[in-house]
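Asker: Before we start, here is the structure in question, set down as structure tokens.
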Amino acid sequence: MALAHVGHEVQFVDLDTAKIEMLRSGRSPIHEPGVEDLLKINAHRLGFFEKIGEFVAEADIILIAVGTPPKANGKAETRFIEEAVIEVAKQLKDGAVYTLVVKSTVPIGTNRRVAELIGRTLRNQNTNAEVFVASNPEFLREGSALKDAFFPDRIIVGAEDPAAVDALQRLYRPFLEQTFDVPASIPRPEGFMLPPLITTDPTSAEVIKYAANAFLALKISFINEIAGLCEKVGADVVEVSRGIGLDPRIGPGFLNAGLGWGGSCFPKDTLALLAMGSEFGYEMPIVEASRVVNFKQRACIIKKLQHELKALRGRTVGVLGLAFKPGTDDVREAPALDVIRRLLDLGAHVRVHDPIALDNAHKALGDDPEIEYFNDPYKMAEGADAIVLATEWPMYKDLSLGRFSEIMRGRVFIDGRNVIDPGEAKAAGLQYVGVGR
Ligand code: UGA
């Protein structure tokens with residue numbers, strides 16, 4: 001979408017017909033700020049297709065951004081990439097030059113495999129096209145994907161051939177030089193600096209992507225480990241986080257203690273990294289520990305509830321927020337869903353609210369008479385013995401805590417993201433319990 005906005009002709013292909021139909025009618029299949037505006041503004045430069053067709057032959061650059069979901073053994077599934085490469089190869093024409101770009105997060109060596117596969121397929125079908133392969137990992141976050149695309153902190157290109165680097169430099173020039181019309185819905189962040197384009201070999205580019213996600217995941221797990229210590233010694237992790245984050249070597253981002261990370265990236269990518277290490281008999285105890293700490297955070301919430309309510313069987317627990325983080329309707333690996341499943345296992349009745357992820361959560365959790373879904377957080381809280389705030393949607397910061405305390409049966413408020421002021425919660429009559437404070 002961002003590529004079309006800066007002036008490129010972009011043809012999308014996805015095998016999911018429903019997604020393509022939505023995009024064609026100007027609607028975004030996921031909740032992502034700004035997408036629908038850009039679909040409208042750039043409609044004349046966008047095309048949407050259910051399968052790879054002849055139009056690929058006319059492309060200069062072909063981006064592969066298919067999913068690489070985890071397999072049962074933790075390794076990332078690359079089958080969809082290989083299938084896409086073979087389908088692309090069928091369309092390429094004699095005498096033409098293409099740059100084939102792997103944007104998906106892929107196991108180390110995949111770019112080499114793609115280069116080999118495209119070369120072999122072209123030879124087998126006697127096509128005389130030249131294809132340069134490049135690894136170009138993306139660092140977009142769900143919920144701010146367009147902002148991250150327009151205003152990246154760096155662009156990484158891993159390629160063996162300078163022709164591939166040239167092609168990507170041309171593709172990204174408007175972002176590198178910030179020469180495009182900034183969309184009204186996605187303003188340029190204050191103090192934004194022009195991003196560098198870093199060129200490297202494909203293998204290093206592949207490692208950069210995994211290392212970046214593993215480091216961010218680790219940073220969150222680190223502060224969660226410190227949060228546990230804060231609870232023991234009577235410190236406040238929110239203060240500790242502020243105090244250490246001001247050191248520029250540490251930085252303030254990704255230091256919010258709480259229920260930990262979920263989503264489609266950190267859980268999958270840390271697992272894939274461990275699986276890659278184990279192929280070499282190489283242990284990665286730090287990455288492993290980040291996962292152990294992360295998944296312990298979900299169990300901690302249950303322990304806090306048990307501490308306050310004792311047995312959870314027959315209790316009613318309200319859960320505020322189901323998406324894996326605010327700003328998205330994605331519930332993949334959402335900590336909230338894990339907490340809900342544990343509560344159900346322990347015999348609790350669960351009432352849930354989310355401003356936009358209710359439908360996706362319902363699909364993921366299935367029909368269960370012990371789960372009730374609410375569009376109104378106050379209706380959800382009626383008669384609850386305890387509330388767990390699992391996702392820090394901005395609207396939750398403005399909730400009337402006094403009203404909660406009136407309509408609930410109990411008074412327990414577990415702030416799984418440390419976003420409510422403990423003093424205010426206590427003044428409203430709630431039994432406030434944070435994480436690490
Ligand atoms: C992550 C990376 O941040 C992106 O750079 C990367 O491109 C993307 O994965 C990917 O590989 O595709 P994303 O999964 O969308 O992006 O979400 P994040 O904003 O990184 O949040 C991940 C999880 O960490 C969320 O569950 C969030 O609640 C949690 N988190 C984040 C914390 O628990 N504490 C924090 O301080 C920050």
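Asker: State yes or no: is ILE302 within 15 Å of the ligand (Cβ to nearest atom) and assigned to a helix (DSSP H, G or I)?
Answerer: no
Asker: Here's another thing I want to ask about it. Could you list, in sequence order, the residues of the range 279-324 that are in contact with a strand residue (DSSP E or B) (Cβ under 9 Å, 6 or more places away or on another chain) and not aliphatic (A, V, I, L, M)?
Answerer: LYS304, HIS307, GLU308, GLY314, ARG315, THR316, GLY318, GLY321
Asker: Are any residues in the range 225-257 closer than 26 Å to GLU138 by Cα and in a loop (DSSP other than H, G, I, E, B), and if so, which ones?
Answerer: PRO248, ARG249, ILE250, GLY251, PRO252, GLY253, PHE254, LEU255, ASN256, ALA257
Asker: I'd like to check something: does the range 226-242 contain any residue that is among the hydroxyl-bearing types (Ser, Thr, Tyr), within 12 Å of the ligand (Cβ to nearest atom), within 23 Å of VAL293 (Cα to Cα) and touching a Ser or Thr at 6+ places or on another chain (Cβ under 8 Å)?
Answerer: Scanning the range 226-242 turns up no residue that is among the hydroxyl-bearing types (Ser, Thr, Tyr), within 12 Å of the ligand (Cβ to nearest atom), within 23 Å of VAL293 (Cα to Cα) and touching a Ser or Thr at 6+ places or on another chain (Cβ under 8 Å).
Asker: Can I ask one more? Quick one: how many residues across the range 1-33 are assigned to a helix (DSSP H, G or I), exposed (fewer than 15 other Cβ atoms within 10 Å of the Cβ) and touching an Asp or Glu at 6+ places or on another chain (Cβ under 8 Å)?
Answerer: Looking only at that region, the number is 1.
Asker: Related question: In the range 319-338, what residues are outside any loop (DSSP other than H, G, I, E, B) and within 13 Å of the ligand (Cβ to nearest atom)?
Answerer: Selection gives PRO335, ALA336, LEU337, ASP338.
Asker: Can you give me the number of residues within the range 110-144 that are of a type outside the set (A, V, I, L, M, F, W, C) and touching a Ser or Thr at 6+ places or on another chain (Cβ under 7 Å)?
Answerer: 5
Asker: Of a type in the set (Ser, Thr, Tyr) and within 16 Å of the ligand (Cβ to nearest atom): does that describe THR316?
Answerer: No, not satisfied.
Asker: Do we find a residue being touching a residue at least 60 places away in the same chain (Cβ under 8 Å), open to solvent by 10 Å² or more (accessible area, probe 1.4 Å) and not in a strand (DSSP E or B) anywhere in the range 343-360?
Answerer: Checked the range 343-360: at least one residue is touching a residue at least 60 places away in the same chain (Cβ under 8 Å), open to solvent by 10 Å² or more (accessible area, probe 1.4 Å) and not in a strand (DSSP E or B).
Asker: Out of the residues in the range 227-268 that are under 24 Å from LEU337 (Cα atoms) and over 15 Å from the mean Cα position of the chain (by Cα), which is most open to solvent (accessible area, probe 1.4 Å)?
Answerer: My answer is ASN256.
Asker: Right, next: How many residues does the range 414-425 contain that are over 27 Å from the mean Cα position of the chain (by Cα) and in a strand (DSSP E or B)?
Answerer: Number satisfying all stated conditions: 0.
The values are calculated or read from the model by the stated rules, or taken from the named source; none is laboratory data. Computed from a predicted structure; not experimentally measured. Cβ atoms come from the backbone with ideal geometry, glycine included; neighbour counts cover every protein chain shown. Protein only, heavy atoms only, side chains kept; ligands, DNA and RNA dropped before computing areas. Shrake-Rupley method; radii C 1.70, N 1.55, O 1.52, S 1.80 Å.
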